[in-house]
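The values are calculated or read from the model by the stated rules, or taken from the named source; none is laboratory data. These figures come from a predicted structure and were not determined experimentally. Using ideal geometry, Cβ is built from the backbone for each residue, glycine included, and neighbour counts are taken over all protein chains shown. Surface areas here come from the heavy atoms of the whole protein model, side chains and all, with no ligands, DNA or RNA. Shrake-Rupley method; radii C 1.70, N 1.55, O 1.52, S 1.80 Å.
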Amino acid sequence: MSAADGAIAPTESALLTLREVTKSFGGLTAVNGVSFAVGEGAVVGLIGPNGAGKTTVFNLITGNYQPNHGDIHFTGQRLNGLRTHRIIMLGIARTFQNIRLFQQLTVLENALAGCHYRMSGGILAGMLWLPTQRRVEKAAVERAVQELEFVGLGQQTLTVAKNLSYGDQRRLEIARALATQPRLLILDEPAGGMNEQETEALIGLIEQIRARGITILLIEHDMRLVMRACEKLVVLEHGGKIAEGSPEQVRSDPRVIEAYLGTEDEV
Amino acid sequence: MKPRLDWIGAGLFAALLAVAPLFLNAYQVDVLNSIGLYALLALGLNLILGEAGLFNMGHAAFYAMGAYTAAILNTRYQIPILWTLPLSGLVAGAFALAVARPVVHLRGDYLLIVTIGVGEIVRIALVNDVFGITGGANGIFGINRPRVFGYIIRRPEDFFYLIWGCVALTIFLFLRLKRSRFGRALNYLREDATAAEGSGINTDYYKLAVFGLGAAWAGMAGTLFAAKMTIISPESFSFWESVVLFMIVILGGAGSIPGVLLAAFLVVGLPELFREFAGARMLVFGLVMMVMMVVRPQGLWPARGHQGFSLAALARAVGP
Ligand SMILES: Nc1ncnc2c1ncn2[C@@H]1O[C@H](COP(=O)(O)OP(=O)(O)O)[C@@H](O)[C@H]1O
Ligand SMILES: [Mg+2]
């Protein structure tokens with residue numbers, strides 16, 4: 001399937017739908033009329049050369065940027081104009097290409113950030129450390145620890161985040177995202193900076209996340225990971241979508257080979 | 001330090017402080033009272049600046065709002081001075097929300113400039129007697145002594161227990177707040193507001209809430225100040241006061257309650273010990289800040305896990 005086939009109509013079953021989404025920065029059109037859908041329960045990869053506009057698509061989905069044209073829908077609700085935390089509360093969680101942890105805080109405190117919006121308690125409850133607040137905090141810590149154990153950081157809850165290895169930092173970001181209990185998890189280059197074993201473990205982790213019924217949309221340069229983990233790929237180049245389909249379809253698409261892969265043997 | 005040792009140290013300090021008035025003369029107790037007031041103010045500012053990382057160099061404006069609210073209510077409407085505490089806090093907090101709302105989005109350095117401006121506007125408004133109720137440059141006098149269960153608080157020792165009692169209560173409340181959901185949200189803001197928002201945290205709400213809370217605390221400290229002085233005027237709320245408070249938080253170790261206390265003792269107490277060098281105060285403070293920036297950017301007594309904030313962050317925020 002190529003861009004010439006036109007936009008995919010927002011389907012009822014799709015969890016996330018982008019329709020003709022465009023975003024420009026001054027004169028540069030970073031994302032140009034991109035449409036695609038992510039079905040519930042799927043693992044979808046967003047690929048393309050550096051500067052193709054992939055991260056910008058993510059930032060549009062989570063409301064860090066507003067599209068100039070087009071709509072983004074999640075579970076039937078329009079996301080345009082919503083602030084980021086509102087979008088997260090609807091059930092989308094994300095990680096960042098350049099790891100964005102709370103560096104000076106502990107692993108546990110980082111994961112607790114994801115629990116935050118489902119907790120209650122403001123200034124008074126906190127100052128007085130009311131029994132209700134104590135219960136809420138205890139339940140949140142349990143949830144956070146669960147997610148940390150899930151990603152394999154259960155033994156390091158009190159480590160300060162910046163002292164973690166690179167791979168562990170990426171895992172902690174995933175735990176923080178999972179702690180929001182999302183329906184859709186979007187991962188921006190989760191294997192970036194990881195060695196081979198870590199990437200292998202990451203593929204396993206993605207499988208486990210999917211087994212929990214969480215839909216995944218990920219950006220990744222590691223083609224082995226993409227080909228193994230994803231059932232559908234969307235290919236961007238210069239801000240436009242040039243291909244979409246199963247990994248097999250995409251890897252044999254002449255436009256992809258020409259524009260993105262260049263040397264096919266790398267795939 | 002082990003938690004147990006922390007508590008033993010804190011207990012010893014509190015006990016020593018509690019008996020201090022028995023051994024000190026009136027002037028020395030009065031210095032301790034000043035230190036207590038600054039500690040109270042700095043603990044509030046520490047929430048904004050230390051915990052949430054929002055640069056506020058206009059804290060004296062909120063202090064003034066509280067002091068004037070208390071003074072006006074007391075002298076015009078004969079409301080007992082300590083009864084005005086909640087209202088002074090509310091007025092200062094509401095004022096902070098109003099001024100912070102349009103500016104909390106600003107980057108650190110811009111926020112710093114705007115809060116300096118707010119502080120000056122408030123002071124100048126007081127000097128010019130804008131609503132005809134602040135008494136202009138002369139200020140307001142004839143504020144009643146506070147009364148607690150029929151006992152009139154008048155001597156420095158009396159005020160000592162009132163002020164340091166408030167400091168103790170503040171520490172008790174803020175220590176809890178710090179480890180609660182609200183307190184963590186402030187730290188997320190300071191560490192990375194984008195990541196906080198991306199974790200589902202309404203960052204604008206917390207920025208405003210902490211400004212309001214810190215300012216409300218300054219407002220209540222203002223009531224104590226008005227009660228202690230019985231006369232207040234705009235010069236007590238100058239830009240220099242905001243700078244001193246800012247310095248206490250940064251010097252002590254942003255986000256660290258013991259650090260803020262220690263710095264309050266040093267910044268307010270030391271100049272009293274060296275009164276003959278009063279003219280060199282600015283110079284000494286400037287030098288101390290420069291030396292600290294180089295040798296100990298995390299502050300004298302940094303909060304756990306903190307190594308890069310405070311002076312280093314300030315340098316980043318106001319740097320080129
Ligand atoms: N905030 C921004 N301001 C200006 N240009 C931007 C901004 N964000 C991204 N871009 C530009 O948009 C293009 C796409 O960037 P990005 O989405 O990060 O690409 P990718 O993630 O595919 O490598 C790049 O040319 C980048 O320089
Ligand atoms: Mg990118």
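A few remarks follow.
- Enumeration of residues in region B:190-233 that are within 30 Å of residue B:68 (Cβ to Cβ), of a type in the set (A, V, I, L, M, F, W, C), in a helix (DSSP H, G or I) and open to solvent by 10 Å² or more (accessible area, probe 1.4 Å): B:208, B:209, B:213, B:216, B:217, B:220, B:225, B:229
- Restricting B:302, B:320 to residues that are within 14 Å of chain A (Cβ to nearest Cβ), at pLDDT below 90 and not in a helix (DSSP H, G or I) narrows the list to B:302.
- Residues satisfying the stated conditions in region B:8-60, i.e. assigned to a loop (DSSP other than H, G, I, E, B) and either more than 11 Å from the chain's Cα centre (by Cα) or under 18 Å from residue B:251 (Cβ atoms) (or both): B:24, B:25, B:52, B:53, B:54, B:55, B:56, B:57
- All positions within region A:105-127 that are more than 7 Å from every other protein chain (Cβ to nearest Cβ) and either surrounded by fewer than 17 Cβ atoms within 10 Å (Cβ to Cβ) or closer than 30 Å to residue A:73 by Cα (or both): A:110, A:111, A:115, A:118, A:120, A:124
- Failed item in (1) without any contact (Cβ under 8 Å) to a residue 24 or more places away in the chain; (2) in a loop (DSSP other than H, G, I, E, B); (3) within 14 Å of chain B (Cβ to nearest Cβ), with residue A:102 passing the rest: (1)
- Residues within region A:130-145 that are open to solvent by 30 Å² or more (accessible area, probe 1.4 Å) and either of a type in the set (Val, Ile, Thr) or facing another protein chain (nearest Cβ under 7 Å) (or both), tallied: 4
- Qualifying position, being under 15 Å from the mean Cα position of the chain (by Cα), crowded, with 16+ Cβ neighbours inside 10 Å, part of a strand (DSSP E or B) and away from ligand 1 (no atom under 15 Å from the Cβ), among A:216, A:209: A:216
- Within region A:80-99, being more than 7 Å from chain B (Cβ to nearest Cβ) and among the charged types (D, E, K, R) holds for A:83, A:86.
- Every pair of residues 6+ apart whose Cβ atoms lie under 6 Å, when the first sits in region B:118-137 and is open to solvent by 50 Å² or more (accessible area, probe 1.4 Å) while the second is aromatic (Phe, Trp, Tyr): B:123/B:237
- Considering only residues in region A:171-190 that are open to solvent by 10 Å² or more (accessible area, probe 1.4 Å) and more than 14 Å from every other protein chain (Cβ to nearest Cβ), the one that is nearest to residue A:216 (Cα to Cα) turns out to be A:189.
- Failed item, numbered, when residue A:257 is tested on (1) open to solvent by 10 Å² or more (accessible area, probe 1.4 Å); (2) touching a strand residue (DSSP E or B) at 6+ places or on another chain (Cβ under 6 Å): (2)
- Yes/no for residue B:18 being open to solvent by 20 Å² or more (accessible area, probe 1.4 Å) and out of contact with any strand residue (DSSP E or B) (no Cβ under 9 Å at 6 or more places or on another chain): yes
- Residue A:159 of a type in the set (S, T, N, Q) and closer than 22 Å to residue A:93 by Cα: no
- Region B:157-175 residues that are without any contact (Cβ under 8 Å) to a residue 40 or more places away in the chain, paired with ones that are buried (at least 21 other Cβ atoms within 10 Å of the Cβ) (beta carbon under 6 Å, 6 or more apart): B:173/A:127
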